[in-house]
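S.K.: Let me begin by handing over the structure; questions about it come next.
The values are calculated or read from the model by the stated rules, or taken from the named source; none is laboratory data. Because the structure is a prediction, the values reported are computed rather than measured. Here the Cβ is made from the backbone with ideal geometry for all residues, glycine too, and neighbour counts use every protein chain on show. Quick note on the areas: whole protein, heavy atoms, side chains included, nothing else; ligands and nucleic acids left out. Shrake-Rupley method; radii C 1.70, N 1.55, O 1.52, S 1.80 Å.
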Amino acid sequence: TLTLSHARNQITGTIRTVDDASPAGAVVRLVDGPTARGLIVGDDGEFVFDEVRVGQYGVSVSLADYRSQMVTGVVLTATDVRQVGTVELAIAAGDFNGTVVDEVGHALEGVLVGIEGGQTTSTTQDGQFTVSGLKAGPYGLTLSKDGYVDQSISNQMMIADGTIDLGT
């Protein structure tokens with residue numbers, strides 16, 4: 001019996017995050033092709049799949065607190081290493097929202113709402129605010145308005161792709 005082996009080659013690429021955070025821990029998977037395989041990238045974001053059967057693949061990339069990405073139509077031939085290029089992961093951003101009122105329950109317009117790290121917004125006429133585009137993790141907020149005592153709120157946990165209603 002004579003046996004022919006399938007031709008094999010490499011699929012390579014780089015993972016980056018839009019905020020330049022380390023991509024360490026990102027999971028890269030080969031899907032929808034003759035070889036199913038996965039790996040976890042290090043700080044440099046580089047990945048190499050060796051000894052992959054030729055064919056067409058999808059490359060799936062996921063990392064906690066970021067939106068997953070899929071690169072489709074990756075064709076691997078026997079003659080050329082397939083460089084996927086750089087896959088950039090966007091933050092799976094969340095939002096804080098709420099309503100600020102005075103001690104008798106009247107909505108307060110123009111209250112400055114600050115988030116640790118520098119982002120700020122002001123409340124609308126009906127006292128509402130939204131702070132968007134926040135990466136998952138703990139945050140502190142400060143509320144301030146002339147004529148009122150400043151208020152700090154600590155340890156508010158943002159979740160990836162979440163909307164956290166801080167209430168009134």
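S.K.: How many Å² of accessible area per residue for the chain, probe 1.4 Å? Display every interim value, and only then the final one.
M.R.: Working: 9580 Å² over 168 residues.
Heavy-atom SASA per residue in the chain reads 57 Å².
S.K.: While we're looking at this one, here's another question. Counting alpha carbon pairs within less than 8 Å and at least 6 residues apart, what relative contact order, in whole percent, applies to the chain? Don't skip to the end; give the middle numbers.
M.R.: Numbers: 412 pairs, mean separation 33.0, N = 168.
Contact order relative to length: 20 percent.
S.K.: Give me the number: length gained by fully extending Val75 to Val31, i.e. 0.36 nm times residue separation minus the C-alpha to C-alpha distance, one decimal in nm. Before the final figure, lay out each step's value.
M.R.: Working: separation 44, 0.36 × 44 = 15.84 nm, distance 1.21 nm.
This chain segment gains 14.6 nm when fully extended.
S.K.: Between (i) 1.54; (ii) 1.23; (iii) 1.40, which entry matches Cα Rg over 2.2 N^0.38 Å as derived from the coordinates of this structure?
M.R.: (i)
S.K.: Let me ask something else about it. Tell me the relative contact order for the range 66-121 as a rounded percent, counting alpha carbon contacts under 8 Å between residues six or more apart.
M.R.: On the way: 30 pairs, mean separation 14.0, N = 56.
Relative contact order for the range 66-121 comes out at 25 percent.
S.K.: Let me ask something else. With all protein chains present, how much of the accessible area of the chain (probe radius 1.4 Å) comes from carbon and sulfur, to the nearest whole percent?
M.R.: On the way: 4480 of 9580 Å².
The nonpolar share, carbon plus sulfur, comes to 47 percent.
S.K.: Run the dipole for the chain about the Cα centre, Lys and Arg Cβ at +1, Asp and Glu Cβ at -1, nothing else charged, and hand back the magnitude in debye, nearest 20.
M.R.: Details: 9 positive and 21 negative charges, 207 e Å.
For this selection, approximately 1000 debye.
S.K.: Answer with one residue from Ile91, Leu2, Thr14: the one whose Cα lies farthest towards the positive end of the charge dipole of the chain, charges on Cβ with Lys, Arg +1 and Asp, Glu -1.
M.R.: Of the candidates, Leu2 comes out farthest on the positive side.
S.K.: Hey, another quick one. Once the Cβ-Cβ distance between Thr120 and Asp43 is put in as r, and R0 is 25 Å, what FRET efficiency do you end up with, to the nearest 0.05? Don't skip to the end; give the middle numbers.
M.R.: On the way: r = 32 Å, r/R0 = 1.29.
Efficiency, from the Cβ-Cβ distance: 0.20.
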